[in-house]
Amino acid sequence: MTEQRYKAVLAVIAEGRTVTQVARDWNVARQTVHVWLERYEADGLEGLANRSHRPAHCPHQMSAAVEAQLLEMRRAKPYWGARRLALELGRKGVELAPSKSAVYRSLVRAGVIDPLQRQRRKETWKRWERSAPMELWQFDVVHGFLLADGTSAKALTGIDDHSRFCVSARLMTRERTQAVCDGFTSAMRTHGVPAQVLTDNGKVFTGASRNHQWKCSSTGFAGRTGSTTSSPNRARRPRRARSNAFTAPSASSSTPGRCSGP
């Protein structure tokens, strides 16, 4: 690197080439060539060597006295870590007490502790979604939609688990089982019949108050209650204790129908 800089300086001084031409040939900025010329004029060939870019002064750098006190405290209390040492230095009234990270770096430089290996995120993760559209719909009732007359409404929302496409966004003034069934039937008539439906354990889906499962008899959906101890259900419904899955034996041959209970 020094030899290349020296050749560039000679091209300007000895050969009489312009700074612009030399900068283009060496693929550097013109200001860089001017810097090389100034260094060569001041210090000769030694001035063209690589120089450290470290700042000459760092106002927040830990002083030698504080670092010596820190290491002495560590020797007296070898079980103290960086957090405790930083706390104790602050209690002793040390001016510009170092942070925990600064204390940690000081201990590493002194060889008192071994540097911790960086904990990288594991790449072995599993994607909790179905492999194709229409394999699973997720339905839920969302509250808190304020209307112009001062009342509030609820919305029956449904999305496709794979494509995240919204299959239902039906407003309801009251949360009733029949209104939910009507919204679900409308979604099936518009988009088709999914292979499976996932809901929470709300009464409008389970019909617990009437001791029946929410189902669509003509489409072949049979309700079954499942646990959310598995990761997919826990990720989808973290605020619920259980989830319900409704499966259609043959989604391609089913047609939307009317929701009813026994």
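The values are calculated or read from the model by the stated rules, or taken from the named source; none is laboratory data. Since we're looking at a predicted model, the values are computed, not measured. Cβ atoms come from the backbone with ideal geometry, glycine included; neighbour counts cover every protein chain shown.
Remark: pairs (first residue in segment 98-114, closer than 15 Å to ALA68 by Cβ; second residue surrounded by fewer than 15 Cβ atoms within 10 Å (Cβ to Cβ) and of a type outside the set (Lys, Arg); Cβ separation under 7 Å; 6+ apart in sequence or on different chains) = LEU107/ILE113. Of the residues making up segment 136-145, one or more are surrounded by 19 or more Cβ atoms within 10 Å (Cβ to Cβ), aromatic (Phe, Trp, Tyr) and under 23 Å from VAL204 (Cβ atoms). Under 30 Å from GLN61 (Cβ atoms), modelled with pLDDT of 85 or more and of a type outside the set (S, T, N, Q): is that true of LEU156 in this structure? Considered against the rule, which asks whether it is under 30 Å from GLN61 (Cβ atoms), modelled with pLDDT of 85 or more and of a type outside the set (S, T, N, Q), LEU156 comes out as no. Give me the residue from segment 17-47 that is under 42 Å from the mean Cα position of the chain (by Cα) and in a loop (DSSP other than H, G, I, E, B) and, out of that set, surrounded by the most Cβ atoms within 10 Å (Cβ to Cβ). Looking at residues that are under 42 Å from the mean Cα position of the chain (by Cα) and in a loop (DSSP other than H, G, I, E, B), I get VAL28. Annotation for segment 19-30: at least one member residue is free of Cβ contacts under 8 Å to residues at least 60 places away in the same chain and either in contact with a His (Cβ under 7 Å, 6 or more places away or on another chain) or not assigned by TED's automatic domain parsing to the domain that holds TYR6 (or both). Every condition in (1) more than 19 Å from PRO133 (Cβ to Cβ); (2) touching a Gly at 6+ places or on another chain (Cβ under 9 Å) holds for LYS203 except the one numbered (2). Taking the criterion of being farther than 19 Å from LEU116 by Cβ, in a helix (DSSP H, G or I) and among the charged types (D, E, K, R), the residues of segment 64-95 that qualify are GLU67, GLU72, ARG75, GLU88, ARG91. Within segment 96-113, the set of residues being outside any loop (DSSP other than H, G, I, E, B), closer than 14 Å to HIS60 by Cβ and aliphatic (A, V, I, L, M) comprises ALA102, VAL103.
The residues of segment 1-18 that are in contact with a helix residue (DSSP H, G or I) (Cβ under 6 Å, 6 or more places away or on another chain), free of Cβ contacts under 8 Å to residues at least 40 places away in the same chain and of a type in the set (D, E, K, R) amount to a single one, ARG17.
Across segment 62-75, a minimum of one residue is classified as acidic (Asp, Glu), surrounded by 14 or more Cβ atoms within 10 Å (Cβ to Cβ) and without any contact (Cβ under 8 Å) to a residue 60 or more places away in the chain.
Checking the structure you have, find out if any residue of segment 48-55 is assigned to a helix (DSSP H, G or I) and more than 30 Å from GLU88 (Cα to Cα). The answer is yes; a qualifying residue exists.
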